[in-house]
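The structure appears below as C-alpha cells.
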Amino acid sequence: MSTPLTPVITEFWDRQDLYTLDGYRAVGGYTALDKALKTDPDSIIGQVKDSGLRGRGGAGFPTGMKWSFVPQGDGKPHYLVVNADESEPGACKDIPIMMANPHALVEGVIIASYAIRANHAFIYIRGEVPNAIRKVAFAVRQAKDAGLIGKNILGSGFDLDVVVHSGAGAYICGEETALLDSLEGYRGQPRLKPPFPAVAGLYASPTVINNVETIANIPYIVDRGVDWFRQFGTEKSPGFKVFAVSGHVKSPGIYEAPLGITMRELLDYAGGMRDGSEVKFWIPGGSSVPMLTPEHLDLPLTYEAMAEAGTMLGTGTPMVFDQTTSVVKAVTRWLEFYKHESCGKCTPCREGTYWITGVLEKFEHGHGTEGEMETLVNLCGQIAGRSFCALGDAAATPYPAALKYFRDEFEAATHTSADEQFDPVASYVFAAAGAR
Amino acid sequence: MPISESTREQMREIAGRYPSARSALLPMLHLAQSEEDEITTDGINACAEVLDITPAEVTAVATFYTMYKRTKVGKHHIGVCTNTLCGLLGGDAVWDALTEATGAGHNTASADGEFFLERIECQAACSNAPVMTVDWEYMDDVTPSSAVEVIEKLRRGEEVHSTRGPVIRDFEATEHTLAFPDDGLADAPSVDAKMLAGLTIAKERGMTGGNAQ
Amino acid sequence: MTITNEPSAEIAVPTELVTVIIDGVAIGVPKGTLVIRAAEMLGIEIPRFCDHPLLEPVAACRACLIEIDGVPKPQPACAQVVSDGMQVHTQYSSDVARLAQEGVMEFLLLNHPLDCPVCDKGGECPLQNQAMSIGRPESRFTEEKRTFDKPINVSAQILLDRERCVSCARCTRFADQIAGDPMLELLERGAQQQVGTADDEPFDSYFSGNTIQICPVGALTSATYRFRARPFDLVSVPTSCEHCASGCALRTDYRRSTVTRRLGWDDPQVNEEWNCDKGRFAFAYQQQGRIDWPLVRENGELRTASWPEALAVAARGLQTAGTDTAVLVGGRSTMEDAYAYARFARIALGTDNIDFRARANSEEEREFLAAHVAGTPIKVEYADLEKAPIVLLVAFEPEDESPIVFLRLRKAASNKVSIASVAAGASRGLAKMNGTLVPAKPGEEAAALANLPQDIQQALSQPGAVIMVGERAASAPGALSAAAQLSQQTGAALAWVPRRAGERGALDAGALAGLLPGGRPISDPAARSEVARIWGIQESALPQQGLSGIALHDAVDSGRIRGVVVGGVELCDYPHDAAEALGKVDFIVSLENHHSAVTAMADVVLPVGVVTEKSGTFLDWEGRPRPFGQVFRDAMMNSDAAVLAMLADSMGHSLPGGVNELRAQMGLLGPWTGARATMNPTSASANTDGERLETWRLLLDLGVMQEGDPHLAATARPTVARMSARTAQSHGIGDTATIHGPAGSVTAPVEIDDSMLDSVVWLPMNSEGSRVYRDLGAGHGDVVRLDAGTHAGGLS
C-alpha cells in the first residue's frame, strides 16, 4: 500500500486568492495565531518541541530545541530570522511556498516570534527571486494593515515588526551565520562559533534562524496539535514535507507527503521517468548531499534512513537523472558552482574548489589521468571536515560519491570527453520534441 | 552621475527599517543599481555617506554579491540557469541560442544595450528546468526557441509575461523592487501546474493532510 | 604557568587555571586561553597565518588545525579555547592534525607565485618557513595559477601584490580593529577574493605600515623598502622611537651603514607591537643633508673648521657673554643630552636661562610642570587607560600627537572605557574612539573644565579615572590650572602628554628654568645642595632662578641675552618671531645635525649625531624610560652631551659627557623627594569675541624629521579649513576659505564639520599651505578673521 500524499502547506494552492489575507483567512488562516497569542510562549516552544519538527533547510535540527536555546529574561532584544535564501542546486520548495502561500510563512513568523519573545523578525529572501519577495512583502503589509503585525497584536500586548529583506546573490548566505553577517550589511561570510546565534546572533543578540518551510509548518502544528502532526512521518522524522521533484521525470513538481515516503513512491506520483528512460542516479536533497542509485529507491525519505544510506535528506527536493546523463559533467558543473559560491574566507574551500574544478574540467574534456582520480579523492578529503563551514564539506561531496558508483565514467574521461560519452542532446528535456 | 537626493532620501528610508542602519546596505545597493544600471563609484559613495561607513566597506560588500554589476546592464538582464540540472536538461542549449540571438556573453551586454546575459546558478525552480529569468522574473520550462522568442518579443517591445510573476518591466525596475518589495505587482499569477502537481493528484485520489483533532 | 609531565593531584591548581594536555604534556593556563597560545607556552609551534595575538581570532586560514580527543573533526587551535582536561594533539602527535595542516599548506601554495627570490619577505616569510616545516616537498598542482596585475598602490606608501596574498585578513582586520581605518578590505569572493580599497579612496591610515609587518607573506610592501634589501643581509638593533612621546620600541634594520627600514617592536607595556607610519618611515633625515664638520662664521659666512678651532671660538664667544646667556634645547633630545645641556647651562654658563619647550608655552605651564610632572614617578600607565572609567582628553589630539596612546585609547574604548575630549570639534580620531566631545572654544578650555557635564564629572570621581592634557594646553590660559584642580577635586590621575619624544626627559633632566634635575626647585636650598654635591661644585655657584618661555624670549629680543647655545631647535616652531629675537644676540652656538634657521645665524655650528649614532634614553609620556643603543657602532658623530663636554672643557670646566657617566649621575641624584614647587593658579580667559583658531600639528606634516620620504609625505592628510556650516555660511564661505591673521593669510579648502563650535576654524599648524605661525602670525586660541577669499588657483 503506497504512502498517500498529504497536502497541508500546499492544500489550497489552487485557490487564486490564497496569497491574499482574505484568501488565506477563508481557509482557516490566522486562527493558529489567535490560539497562540492566548497561550504562554513557553508552551508554544513546548508544543513545537513535542511535535518533533525538524529544520527543513537541510540540517534537520529539532526546531523546538533551537527555540529553547534562546535565553529568556536576559534583557536583550531577541530576533527571528527566516532563512529564505533557497539556493541549493536542486532545492525549489521554499520559493514556491512564498509565492503560493506567503501568509502561512507570515503567520508562522508571528507565532515563532511570540514564542521566542522576539519583537523583530526578518525574512531574508535571496535577491534573484523578486516575485517571491514581493509576494511576501505584500503579505506582510496586509498583515500589518490588519493589525496582525505591529503594536499590541490582537490585544495580546505583543509587539512585532517584520522586515522583508532582499539578498543580492550569494549561495553562502544560506549558511545561517553568513546570512546574519549579510543581514547586518556585511560580506556574507560565516562567523566563528561559539558564540552560537541563539546566544549572540543578529546584532550580537539571541537569534533564531529557521527555514521558510520550517516556519510555514508552525501555524498548522499550533492549530491542529502535536498528535495530528506526529501521525505523519516516523518517530525521528515526524510530519510531512514539501518534496519538490525535478529531473528526467514525467511530471516534475511539488508533492507534499509524509516523511518516510520512498523515492519510488514519489517517482510514481511524478509519473515515473520520461519515456524510455530509467533512473541512473538521484540526489535526495540538493547537490550538497551524496548521490544515490536505483538500489536506494525503496528507502524511506527520512533523516535517519538517508543518513544510514550515507547521504542526507537535505532539503528534501530530489533530483532524478536518467541514463543520458554524464556523471562527469554533472559533478564538474556542481564543483564549478561551489567554486563560484565559495566565500573565500577559508583556505580549503577557496583553494580546494579552485583546484578540484580545474582538474574536473580536464576530465570533462577527456583529459583526466588515472592518478588524478585519486588526487581528487585526496583533495576532497583535504576539504571535508577542515573547512570553516559546511559549504566546503558540500563541495567535497559530489565527486567521491560519483566515483563510488560511476568509476568507469571517470576512467573513460581520461580519454573520452563527457560529450562524447553522452550526447548532451539526449539529456535535454525538449530533445524528443525536436525543439532544437 | 551622482546619486540624486531623492534616492538618498529613499536610502535613508530603507535604513530606517532596521535596528542598525548598516543592515540596509544590500537593499540600498539594489536601489543605487536601479538608478545607475550598475554599481558605480557614485552609488558606493552615496551608500557610504548615508550609512557613515567607508567607501571601502561598501566596495567590499558590493563586490561580494553577484547581483551587483560592474558594467552597465542595459535594458534587460537575462539569466539562464546552467547549473547541473537545468544545464544538462537543456539550459546549455538555451544559453547557446541566447548568446547567438543577442550577441552578448556571460556578464556582458549586447551591443545595443538591450540584453545583458548571465549564466546564473540554481534559481530554485528545478522542477521547471530549464529555467531562464528576465530581469530576475521566472521564465520557466524554456527551450532554445521559446527563449529566443522571448528575446524577440522584448526587442519588438511586446508585452511579455513571466510564467510565474508579473509582466516584464526592465532591469532597473526589478532592482527597485528589491529595495522596495511591496511594488503593487503581487497579484500576478504565480502558481503553475507543477506547483500543483501533487495537490492535483491528491484531490483526484481524495488524499488529505487531515484536519485538527 | 606550571609545566609537569603528568598532571598531579598534589599540585594545587588555582581555580582560574585549567589544565590542558598538549602532545602528552600538561600545562596549567588561565581559563579562556586559546590552544595555540597554550602550545606556545610549551614551545610547541603550530603553523598559523591568520592568527595574531592582538587581533580577534577568525580561524580562516585553517593552517593550525589540531586534533582534540572526543571531537570528530580537527579544530583550529587559534580559535579553540582550552577546557580542563582537554587532550590536544598537534602535528607532532596526530596524523589527523599533520595531514590537515599539510593539506592546508598545499592549498595555500597552489596560487602562490614562486617569486621568493625577488620578494621582500623572502628570508623572513612565515609562508616560506612553514612550507618548509609542514609542506609537501613537491606540488601536485599542475593547473594554471591565479594571477593579478601587480603591484597596486593601496596608498602612496603601501603596495600590494595580490597574487602573493593568502587571504589571512590580518591587514584588513588590523585596519578595522586596531587602527579604526576600515579602508583596506577584502573585496570580491571565493578564489577571486583579494585585498583592496575603494576605487577613489586609498588606505588612509597613520598606522598603515603595521599591515606590512603583520602580513605573513610578501603581499604588502612599502614603497620605501621594496626591493632594497634581503632580510638576511640586514643587521637589526632594538631602538626607541625619537619622534613622539608614545615611546615605541622599534627595531632598526641597517645594511652597509644605511638604515633600510624600521619596524614596530614588541613591548606589551607600551606599543604592544604597533607603531605609526612616522615612526616607521620617517628616518631618511638621519642620512640626508647632514652637517659633518664644525663650522665657524668668518666675514659673515660659515666655513669648515677643525674641532679644536671651533670649540675654542665657541668657548671664547660664550665666555665673553658671561652669564647673560641662555640655552635652548630641542624637544627631541635624549634625556642624557638634555641633562648635559642643563648642567652645562648651570655650570659652564652659570645661568638658569634654559628651556626645552621649542613651541608655544607659558609660565603657567612651567609652574604646572614643576608642581605636577617633573621628576614624578609613573602615575598613569598605558595599561591604566584600558581600566579607567573615563579618560578625559584636554587640548590633546592623540591620533596626531601621540598615536600609540590613540591606539590604546581605541582599545580601551572597545572595552567600554568612555573617552571625552575638550576641544572645539569632534575629530576623526575622537569618532574612532567613540568619544564624546566637550565643546570648548580654542583658548577657553579652562572654562569648559570648570563646567564639565555632570556625568563626566562623576565618572572622573570613580577610581582609575584619567585626565590627559596635551602640549596645546599651554596655549589656553588657565587650562592647566583647571586640569590640576579637576584632578585634585575628583581624584582622577593627571597625565601630561607632550608631543615630542624628548620633552618629558628634558623636564626631568632639568632643562627648564627653575628646575634642577629630578624636579628639584632651584629655589630650594636642600635641592640646590643635593645637586651641587653630585656636580662637585659649591651650592653658591649654582645660579638663581632664571628665565624661560616668553620671558626668556623677551630678554633675548631686548638684547639682554648676549650668548645662546641652541641644540636641535627649529625656530619656526615658536609662535613668536624667534629668528628676529635671536638676531639680536651677539654670539650663537648651534649644536645641529642639519642646517636650519639657527645654523644660518650661528657663529659656531658644532655637528652632533642623530639617534642611530648614539645611545640614550627617552622618557615617554608615562615617565617610562625608553633606553636605546647605538645602531652604528663606528659612527664618527658625537652626541650633544659629548660635544658639550668638549665645549665645557674648552671653557675650563670638567663635565664628562659619556652616556654611562651621565646616567650614573642622574641615578645618584634620583627624583626630588622634598617639597614640590606650587602652582599659582592662572585664571581662565573669557574673551569670546571674534573667530578663534583651533590648531595642532598633524602627525604627518612639514616637520623636518619627516623630510626625505616622498611616499610618506604623500600620505599626509591634506590641508583643510574645518568649520561648522553655520560659520561658513555666516561668512559667505563656500568651498574655499581664507583665514587672516596679523602676519598674513591662509587659503584652504573648506571641510564642513557640524560638530565644530560656531565661530571657530581649524587649520593644521604646520602643513603644506598652512604654517599658521608664519603665515598667520596666530596660534591656537588666537583671534583670526574669516572670509571666502579669492578664488583658489586664480581661476576666474
List the lysines whose Cα sits under 17 Å from the Cα of A:Lys144, skipping any in the same chain fewer than 8 residues away.
A:Lys135
Under a Cβ-only charge scheme (Lys and Arg +1, Asp and Glu -1), can you give me the dipole magnitude of the protein assembly as shown about the Cα centre, in debye to the nearest 20?
2200
Count of lysine pairs in the stretch A:31-113 with Cα separation under 20 Å (8 or more residues apart, or interchain):
4
Quick one: which residues, 5 or more positions from C:Val566 or on another chain, have an amide H under 5 Å from its amide H? H modelled 1.01 Å from N in the peptide plane, none for Pro or chain starts.
C:Leu328, C:Val589, C:Ser590, C:Leu591
Cα-Cα over 26 Å: which of A:Lys250/B:Lys203; C:Lys387/C:Lys614; A:Lys236/A:Lys329; C:Lys379/C:Lys416?
C:Lys387/C:Lys614; A:Lys236/A:Lys329
Can you order the peptides C:425-435, C:209-219 by their average number of other Cβ atoms within 10 Å per residue, highest first?
C:209-219, C:425-435
Value at 222 nm in deg cm²/dmol, rounded to 500, when DSSP H runs of n ≥ 4 in chain A each add -39,500 (n - 2.57):
-12500 deg cm²/dmol
Span-like helices, chain C: DSSP H, alpha-carbon axial extent 20 Å or more, mean Kyte-Doolittle -1.0 or greater, which ones?
C:95-110, C:307-321
Hey, can you rank A:186-197, C:637-648 by average C-beta count inside 10 Å, highest first?
C:637-648, A:186-197
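Listed highest first by mean packing, meaning other Cβ atoms within 10 Å per residue, what order do A:204-210, A:316-322 come in?
Details: A:204-210: 23.0, A:316-322: 26.6.
Put in order of decreasing packing, that is A:316-322, A:204-210.
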Using Cβ contacts closer than 10 Å as the measure, can you line up C:Trp293, C:Trp621, A:Trp67, C:Trp535 from fewest to most?
C:Trp293, C:Trp535, A:Trp67, C:Trp621
In peptide A:140-147, how many Cβ atoms from other protein chains are near each Cβ within 10 Å, on average?
1
Cα lying deepest toward the dipole's positive end in the protein assembly as shown, options B:Pro181, C:Ala641, C:Ile36, charges on Cβ
C:Ala641
If I model a spin label at A:Arg264 and A:Asp419 as a point 7 Å from the Cα along the Cα→Cβ vector, what separation in nanometres do I get?
3.8
Name the trypsin sites (Lys or Arg not before Pro) in the stretch B:127-213 that are in a loop by DSSP and that have at most 11 other C-beta atoms within 10 Å, would you?
B:Arg156
So what's the back-of-envelope 222 nm ellipticity for chain C, counting only DSSP H runs of four-plus at -39500 (n - 2.57) apiece and dividing by all residues, rounded to 500?
-6500 deg cm²/dmol
Quick check: pseudo-label points 7 Å beyond the Cα along Cα→Cβ at C:Trp293 and C:Asp199, how many nm apart are they?
5.9
Rank A:Thr353, A:Ser342, A:His415 by how far each Cα sits towards the positive end of the charge dipole of the stretch A:327-427 (+1 on Lys, Arg Cβ; -1 on Asp, Glu Cβ) and give me just the farthest.
A:Ser342
Spatially proximal lysines relative to B:Lys153 (Cα-Cα < 20 Å; intrachain offsets below 8 disregarded):
B:Lys75
Which ³J(HN,Hα) values, rounded to whole Hz and listed in residue order, are derived for the stretch C:74-91 from phi using the Karplus coefficients 6.51, -1.76 and 1.60 in 6.51 cos²θ - 1.76 cosθ + 1.60 with θ = phi - 60°, glycine and proline given as x?
x, 10, x, 5, 6, 10, 8, 7, 5, 10, 5, x, 4, 9, 10, 10, 8, 4
Loop-located trypsin sites (Lys or Arg not before Pro) in the stretch A:30-68 whose Cβ has at most 15 other Cβ within 10 Å (DSSP):
A:Lys38
Given points 7 Å out from each Cα along the Cα-Cβ axis, report the C:Ala714 to C:Lys387 separation in nanometres with one decimal.
4.6
Relative to the longest principal axis of the C-alpha atoms of chain A, give the angle of the C-alpha long axis of helix A:327-341, reported between 0 and 90° and rounded to the nearest 10°.
50
Pull up the cross-link candidates among the lysines for C:Lys150, meaning alpha carbon to alpha carbon under 27 Å and not fewer than 8 places away within one chain.
A:Lys339, A:Lys345, B:Lys69, B:Lys72, C:Lys121, C:Lys278
Residues of the stretch B:81-105 with amide nitrogen under 17 Å from the 7 Å Cα-to-Cβ point of B:Thr200?
none
Assuming R0 = 51 Å, what is the FRET efficiency of C:Val783 and C:Asp586, from their Cβ-Cβ distance, to the nearest 0.05?
0.90
Dipole in debye (nearest 20) - chain C, about Cα centre, beta carbon charges: Lys, Arg +1; Asp, Glu -1
720
Cβ-based charge dipole, the stretch C:649-762, positive-most Cα from C:Val746, C:Val659, C:Pro710
C:Val659
Over all residues in B:30-40, what is the mean tally of Cβ atoms on other chains that come within 10 Å of each residue's Cβ?
1
A:Glu370 to A:Phe69: extension gain in nm, 0.36 nm per residue of separation minus the Cα-Cα distance?
103.4 nm
Per-residue mean of other chain beta-carbon atoms within 10 angstrom of the beta-carbon, peptide A:7-18?
4
Candidates A:Gly392, A:Gly253, A:Gly239, ranked by Gaussian network fluctuation over chain A, Cα under 10 Å, top entry
A:Gly253
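Values quoted throughout were computed directly from the atomic coordinates according to the rules given, and no laboratory measurement underlies them. Since the structure is predicted, the reported quantities are computational estimates derived from the model, not experimental observations. No Cβ is skipped: glycine too gets one built from the backbone with ideal geometry, and neighbour counts run over all protein chains shown.
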